[in-house]
Amino acid sequence: MIVAENLTKRYGSTTAVDGVSFTVRPGLVTGFLGPNGAGKSTTMRMIVGLDAPNDGSVTVGGQRYAQSRTPLTEVGVLLDAKAVHTGRSARAHLRAMAATHGIPNSRVDEVIALTGLEAVARKRAGKFSLGMGQRLGIAAALLGDPSTLILDEPVNGLDPEGVRWVREFVRHLAREGRTVLLSSHLMSEMAQTADHVIVLGCGRVLADAPLGDLVAAWTANEVLVRTPRPADLAAALATIDPARAGDAGGAGGDVAVEDAGDGTLRVVGLPAAAIGDVAAARGIPLHELTPRTGSLEEAYLALTEGSVQYKTKEIA
């Protein structure tokens, strides 16, 4: 378990992390999200003692990381896949790490096989592609078979097979009861991997909730309806009592109907069944009736809208 309490880090007049508190529990994959400059990397560095907090504290397994006598067997960390001796082979790099903890070479061979590095294990790490460097970083994090795993952008540069392997493997580790903290900017991948999500913005915690609850709170379900009589259907839907429709599975709030063009309506606040019933009662043909739930990406963008430090210009 990782517990951060009022964690604060300042660099001169800049506060990178501002009173952050959260708990990363075992048995779950916890996603760690936030825009560039939100304080994620600084927070992870403080967790493993690479940066000292100005205020607050953070513990892993009930103690500060620096107090661990065998950190590789307790916390596996991937913060920078390039943090290797470029002149060493992958196997030599892992064996040097293993020697510091009395980990047998047989375990080195295990993680090499596990991460798909067997074909390049004797090649110098400095010649690795981005994806192979990531695999070596993951192998190093797994070397001590730790109970806690902290991975920053672990799928960066990996091919689709590698991305799927990371997703399935971290979920497997969580099912074993381990603590997994996973940072990524890939919302579609995080949506398939994380059980719980912590979102930072401008150095503060914006959300700390189960993934499904976060999406439900920050997005609205909608139904796409395509019909040759969109105006007639829109007028008919305006007469529906949303509270009664909500009892049948809708949102029960305000109903909004937007004309998306080409005979398509975007309906918020009514379930697909209620829309279909209205159309059938009035003899309005439907060519499409597609319920669409909100996504993690939509929830994330809505949540962090006011916390983006480096904002790009929209394309006209």
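If residue 193 satisfies every condition in (1) farther than 30 Å from residue 19 by Cβ; (2) modelled with pLDDT of 90 or more; (3) in contact with a helix residue (DSSP H, G or I) (Cβ under 6 Å, 6 or more places away or on another chain) but one, which is the exception?
With (1) farther than 30 Å from residue 19 by Cβ; (2) modelled with pLDDT of 90 or more; (3) in contact with a helix residue (DSSP H, G or I) (Cβ under 6 Å, 6 or more places away or on another chain) applied to residue 193, the lone miss is (1).
Just checking, how many residues over the range 209-221 are surrounded by 17 or more Cβ atoms within 10 Å (Cβ to Cβ) and not in a loop (DSSP other than H, G, I, E, B)? If you could, list the steps in order and put the result at the bottom.
Looking only at the range 209-221, we keep the residues that are surrounded by 17 or more Cβ atoms within 10 Å (Cβ to Cβ), and these are 211, 214-215, 218-219, 221.
Narrowing further to those that are not in a loop (DSSP other than H, G, I, E, B): 211, 214-215, 218.
Qualifying residue count for the region: 4.
Restricting attention to the range 158-178, which residues are among the charged types (D, E, K, R) and either modelled with pLDDT of 95 or more or surrounded by fewer than 18 Cβ atoms within 10 Å (Cβ to Cβ) (or both)? So that I can check it myself, show each step before the final result.
The initial filter retains those residues of the range 158-178 that are among the charged types (D, E, K, R), namely 159, 161, 164, 167-168, 171, 175-176, 178.
159, 161, 164, 168, 171, 175, 176, 178 - these are the residues of the range 158-178 that are among the charged types (D, E, K, R) and either modelled with pLDDT of 95 or more or surrounded by fewer than 18 Cβ atoms within 10 Å (Cβ to Cβ) (or both).
Can you pull out every residue in the range 222-236 that is buried (at least 19 other Cβ atoms within 10 Å of the Cβ) and in contact (Cβ under 8 Å) with a residue 40 or more places away in the chain? Write out each step before concluding.
Looking only at the range 222-236, we keep the residues that are buried (at least 19 other Cβ atoms within 10 Å of the Cβ), and these are 222-223, 225, 227, 230, 233.
Within the range 222-236, 222, 223, 225, 227, 233 qualify.
Can you name every residue in the range 17-33 that is of a type outside the set (Phe, Trp, Tyr) and surrounded by 22 or more Cβ atoms within 10 Å (Cβ to Cβ)? Explain how you work it out, then say what you get.
Step one: list which residues in the range 17-33 are of a type outside the set (Phe, Trp, Tyr), which gives 17-21, 23-31, 33.
Across the range 17-33, the qualifying residues are 17, 20, 24, 29, 30, 31, 33.
Does at least one position in the range 119-140 carry a residue that is touching a strand residue (DSSP E or B) at 6+ places or on another chain (Cβ under 9 Å), surrounded by fewer than 22 Cβ atoms within 10 Å (Cβ to Cβ) and assigned to a strand (DSSP E or B)?
Yes, the range 119-140 contains at least one residue that is touching a strand residue (DSSP E or B) at 6+ places or on another chain (Cβ under 9 Å), surrounded by fewer than 22 Cβ atoms within 10 Å (Cβ to Cβ) and assigned to a strand (DSSP E or B).
Of the residues 183, 188, only one is assigned by TED's automatic domain parsing to the domain that holds residue 42, surrounded by fewer than 17 Cβ atoms within 10 Å (Cβ to Cβ) and of a type in the set (Gly, Ala, Ser); which? Let's see the steps before the verdict.
Numbers: 183 fails: surrounded by fewer than 17 Cβ atoms within 10 Å (Cβ to Cβ).
188 is the lone residue from the list that is assigned by TED's automatic domain parsing to the domain that holds residue 42, surrounded by fewer than 17 Cβ atoms within 10 Å (Cβ to Cβ) and of a type in the set (Gly, Ala, Ser).
List the number of the failed condition for residue 195; all other conditions in (1) assigned by TED's automatic domain parsing to the domain that holds residue 37; (2) under 30 Å from residue 266 (Cα atoms); (3) out of contact with any Pro (no Cβ under 8 Å at 6 or more places or on another chain); (4) not aromatic (Phe, Trp, Tyr) hold.
(3) is the only condition that residue 195 fails.
Here is a yes/no grid of residues against (1) touching a residue at least 40 places away in the same chain (Cβ under 8 Å); (2) closer than 30 Å to residue 15 by Cβ:
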position	(1), (2)
45	no, yes
48	yes, yes
53	yes, yes
70	yes, no
103	yes, no
117	no, no
122	no, no
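So residue 35 passes all but one of these: (1) out of contact with any Lys or Arg (no Cβ under 9 Å at 6 or more places or on another chain); (2) over 14 Å from residue 1 (Cα atoms). Which condition number does it fail?
Exception for residue 35: condition (1).
Restricting to the range 141-152, name every residue that is in a strand (DSSP E or B) and either among the β-branched types (Val, Ile, Thr) or over 14 Å from residue 169 (Cα atoms) (or both). Let's see the steps before the verdict.
Initially, the range 141-152 is screened for residues in a strand (DSSP E or B), giving 148-152.
Once the filter is applied, which keeps residues that are in a strand (DSSP E or B) and either among the β-branched types (Val, Ile, Thr) or over 14 Å from residue 169 (Cα atoms) (or both), the range 141-152 yields 148, 150, 152.
Could you please give the count of residues in the range 72-101 that are more than 23 Å from residue 179 (Cα to Cα), in contact (Cβ under 8 Å) with a residue 12 or more places away in the chain and surrounded by 14 or more Cβ atoms within 10 Å (Cβ to Cβ)?
Residues that pass the stated criteria total 7.
Considering only residues of the range 244-267 that are crowded, with 17+ Cβ neighbours inside 10 Å and modelled with pLDDT of 90 or more, which is nearest to residue 220 (Cα to Cα)?
267
Say we look at the range 20-41 and pick out the residues that are in contact (Cβ under 8 Å) with a residue 40 or more places away in the chain and among the hydroxyl-bearing types (Ser, Thr, Tyr); which of these is nearest to residue 204 (Cα to Cα)?
The first filter runs over the range 20-41 and keeps only residues in contact (Cβ under 8 Å) with a residue 40 or more places away in the chain, leaving 20-22, 24-41.
Checking the rest, the ones that are also among the hydroxyl-bearing types (Ser, Thr, Tyr) come to 21, 30, 41.
Numbers: 21: 9, 30: 17, 41: 13 Å.
The residue in question is 21.
The values are calculated or read from the model by the stated rules, or taken from the named source; none is laboratory data. Just so it is clear, the model here is predicted, and its values are computed rather than measured. Because the Cβ atoms are built from the backbone with ideal geometry, glycine has one as well, and the counts that use them run over all protein chains shown.
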